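Data first, discussion second: the structure below is written as structure tokens.
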Amino acid sequence: MFESDKKLLTKKLSKFLTQRDTDLYRIMEFQLGIETSPDTNQTNIRTDFQLAEFVLEICELFNGNKDVAINFAISVILLEQFIRVHHDVQDGNTESGDRPSLWWKWGPAHAINTGDGLHALARLVLLQMNQEKHDPNFIMNAVRTIDLAILSLCEAEFLEINLQDRILFSPQDCLNIAKRKGSGLFGCAAKLGIMSTPSNTKLEESFFQYGSYLGAAILIKRDLEVINSSATAKADVIGKILTKKKNLTLSYVLESDNLKLKRRMGEIYSKRILSNKDLEEVKSIATESGAIDQTTESIAHLLGKSKEMLSDSHIEQLDLRSLETFTGKLFNT
């Protein structure tokens, strides 16, 4: 993301919240890491710009409307934070990024309420685009994209909760969850990015699928990184594993022919909550059973599907190479 874009996005997002005087919005500012220096009067934001950058990069590559893309980028930031706040409560994360989680600082009730407020603002920032004289149908298509993203994330959450206490589940169960999450985050961001350009409806669908497969690969990769290197993984991702949410690597262990390893993994996951020591044993079992290699292969397959969606969309080769370069950067962030 260009520094000028980041400054513009930060300024607009900060203004969007500071014009509201209830302390609810101060809690939102804390979650987003919005800080104004008393010395320079400059506003900075310490949050994950990954999805916002995705929107803006697509806009830049395909000569889109930067003002529209900034609004879309703010919406996906608010959408992602809405999901993160709720996940922090569910997973018992005491940290969110480099800050205390909202439920840890203000309690679960305030955290859930703030998360719901972020959801409403993700829609409102799009609806307010009517003040900028945009086509109402264009605005409603953007709002519909956000609403469908949230539904996709809720569906993923429903399926994930159902797996929580199940002993038997398949890799396909985990892949379905990852695809829905990928659709709700990265698919949504990619579609909004291309919507900011002079594109057609067919291209919007291609970019949605491209982002969805890419997002699924990124999310599975994050889970795998916790198993491979729990010492350096982010606290909120570790929380997901420690609270025994099922993951693709575990499903491959349970499908292996090694009864001893399957039994031991079952014993670990029968505990009320896992410890960091348990994660080391999970890694050992996953490595020995071949589950880590299988997970890596699944990630590669999803990345291949993502690239396939772009190859079928008749994009100019130069633009396609630029987008593939950015995709690689996004995946490895």
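Below are the figures for this structure:
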| quantity | calculated |
| --- | --- |
| Meets criteria (within 20 Å of Gly211 (Cα to Cα) and crowded, with 22+ Cβ neighbours inside 10 Å) for Phe54 | yes |
| Verdict on Tyr252 being of a type in the set (Ser, Thr, Tyr) and touching a Pro at 6+ places or on another chain (Cβ under 9 Å) | yes |
| Cβ pairs under 6 Å, 6+ apart, first in the stretch 1-29 and within 17 Å of Ile70 (Cβ to Cβ), second among the acidic types (Asp, Glu) | Met1/Glu53; Leu17/Glu29 |
| Leu203 vs. criteria more than 23 Å from His86 (Cβ to Cβ), in contact (Cβ under 8 Å) with a residue 40 or more places away in the chain, among the aliphatic types (A, V, I, L, M) and not in a helix (DSSP H, G or I) | no |
| Which numbered condition Ile273 misses (of (1) part of a loop (DSSP other than H, G, I, E, B); (2) hydrophobic (A, V, I, L, M, F, W, C); (3) under 22 Å from the mean Cα position of the chain (by Cα)) | (3) |
| Criterion (touching a residue at least 40 places away in the same chain (Cβ under 8 Å), within 16 Å of the chain's Cα centre (by Cα) and crowded, with 21+ Cβ neighbours inside 10 Å) met by exactly one of Ala291, Ala286, Ala216 | Ala216 |
| Residues satisfying the stated conditions in the stretch 156-173, i.e. within 16 Å of the chain's Cα centre (by Cα) and over 22 Å from Gly117 (Cβ atoms) | Glu160 |
| Answer residue from the stretch 191-200, given it is in contact (Cβ under 8 Å) with a residue 40 or more places away in the chain and surrounded by fewer than 19 Cβ atoms within 10 Å (Cβ to Cβ) and is farthest from Ser152 (Cα to Cα) among those | Pro198 |
| Yes/no for Asn63 being crowded, with 21+ Cβ neighbours inside 10 Å and among the polar types (S, T, N, Q) | no |
| Single residue of the stretch 308-320 satisfying the filter (crowded, with 17+ Cβ neighbours inside 10 Å and outside any loop (DSSP other than H, G, I, E, B)) that is modelled with the highest pLDDT | Met309 |
| Residue selected from the stretch 88-102 under the condition assigned to a helix (DSSP H, G or I) and in contact with a strand residue (DSSP E or B) (Cβ under 9 Å, 6 or more places away or on another chain), by the criterion farthest from Gly193 (Cα to Cα) | Leu102 |
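Conditions (1) free of Cβ contacts under 8 Å to residues at least 12 places away in the same chain; (2) in a helix (DSSP H, G or I); (3) surrounded by 14 or more Cβ atoms within 10 Å (Cβ to Cβ); (4) touching a Leu at 6+ places or on another chain (Cβ under 9 Å), marked per residue:
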site: Lys105; (1), (2), (3), (4): no, yes, yes, no
site: His119; (1), (2), (3), (4): no, yes, yes, yes
site: Asn130; (1), (2), (3), (4): yes, yes, no, no
site: His134; (1), (2), (3), (4): no, no, yes, no
site: Asn137; (1), (2), (3), (4): yes, yes, no, no
site: Glu160; (1), (2), (3), (4): no, yes, yes, no
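The values are calculated or read from the model by the stated rules, or taken from the named source; none is laboratory data. Keep in mind the model is a prediction, meaning the values are calculated, not measured. Positions of Cβ are backbone-derived with ideal geometry, glycine not excepted, and every protein chain shown enters the neighbour counts.
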